[in-house]
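Inspection log for the structure reproduced underneath, given as structure tokens.
The values are calculated or read from the model by the stated rules, or taken from the named source; none is laboratory data. Please read these numbers as outputs of a predicted model, since none were measured by experiment. Positions of Cβ are backbone-derived with ideal geometry, glycine not excepted, and every protein chain shown enters the neighbour counts. Note: accessible area is taken over every heavy atom of the protein model, side chains too, but ligands, DNA and RNA are not part of it. Shrake-Rupley method; radii C 1.70, N 1.55, O 1.52, S 1.80 Å.
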Amino acid sequence: MNITNKRIIKKFDVSTFKFREVFINHFSKYKSKKLENIHKVLPVQYLPKKVVKVENDQNQNIYKYLYKIDKGYELKKRNKSSSFLKSFDKFIHFLAKNVFKESLVYQSKPTLRVMFPNNKAVGDFHRDREYNHPLEEINIWVPITSSKNTNSIWIESKFDKSDYMPMNLEYGEFLIFDSGLKHGNKINLENKTRLSFDFRVIPYSLWSKKDIKNNKVSVDAKKAFKIGDYYKLMKIN
């Protein structure tokens with residue numbers, strides 16, 4: 001699957017991959033009828049006081065709660081994955097078999113994102129390779145809520161064009177894009193919270209052929225870019 005300089009929108013079966021139901025259940029104690037309005041009922045301690053920056057966009061109080069969505073995120077306890085991460089692994093198998101049509105090396109646990117009104121989910125426009133990631137990675141972005149205009153992800157159309165535009169997706173759609181395309185957020189002016197998760201994959205044909213060597217580690221989790229640490233391998237016949 002050639003994604004060089006491309007942004008591709010695909011769909012998945014929401015009755016098979018019930019990501020939104022898991023998120024709704026996780027936030028159920030706050031009794032919001034819609035995830036898009038979760039900012040209206042969350043305790044104030046979970047709401048950022050300032051617009052997030054590069055150095056703190058994953059270091060917000062809301063993530064202390066959000067990453068409890070699955071026991072598998074509790075690295076120190078080495079807990080087994082529960083519903084969200086099990087569904088995620090099945091989603092990877094779906095991608096490998098039906099979209100990429102080959103085995104995939106993939107980020108073992110996806111990154112969760114919250115974008116509150118009048119704020120951002122990530123601190124700047126960037127390419128993941130600027131944060132130690134291998135050039136061969138392909139980015140995949142999955143919104144849990146409707147993502148439109150300023151509360152969506154913005155991506156340039158071609159390398160170094162800087163002509164950013166929003167990728168407007170509904171739940172049940174996901175975005176595949178070349179990791180060389182610069183991407184980021186505008187300030188969310190939609191008055192709706194956006195929840196999403198994202199991760200990176202490398203087709204196994206690229207991984208095995210190039211014998212990718214990267215001695216660096218991920219910026220936040222300090223994981224080595226190797227199978228068994230940052231990555232897992234999803235094999236298909």
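Within the accessible surface of the chain, defined with a 1.4 Å probe on protein heavy atoms only, the carbon and sulfur portion equals 48 percent. A P(r) calculated from all alpha carbon pairs of segment 154-198, with 10 Å bins opening at zero, reads 22, 54, 24, 1 percent.
For segment 1-122, the solvent-accessible area of protein heavy atoms averages 59 Å² per residue (probe radius 1.4 Å; ligands and nucleic acids excluded).
Over segment 27-71, the ratio between the Cα radius of gyration and 2.2 N^0.38 Å evaluates to 1.22.
For the peptides 162-171, 184-193, residues were scored by their other Cβ atoms within 10 Å and the scores averaged per peptide; the highest-first order is 184-193, 162-171.
Enclosing the Cα atoms of segment 58-214 in their convex hull gives a volume equal to 129 cubic angstrom per residue. Highest mean packing comes first when the peptides 218-228, 130-140 are listed by Cβ atoms within 10 Å, giving 130-140, 218-228. Rounded to the nearest 20 debye, the dipole size of the chain about its Cα centre is 740 debye, using +1 on the Cβ of Lys and Arg and -1 on the Cβ of Asp and Glu. Taking θ as phi - 60° and the Karplus parameters 6.51, -1.76 and 1.60, the scalar couplings of segment 163-172 work out to 9, 4, 9, x, 9, 7, 10, 9, 4, x Hz in sequence order, x denoting glycine and proline. Under the convention that each Lys and Arg Cβ holds +1 and each Asp and Glu Cβ holds -1, the size of the dipole of segment 1-67 around its Cα centre is about 200 debye.
Taking 0.36 nm per residue of separation and subtracting the Cα-Cα distance, full extension of the segment from SER82 to LYS68 would add 4.0 nm. Multiplying the residue separation of VAL41 and ASN2 by 0.36 nm and removing their Cα-Cα distance gives an extension gain of 9.7 nm.
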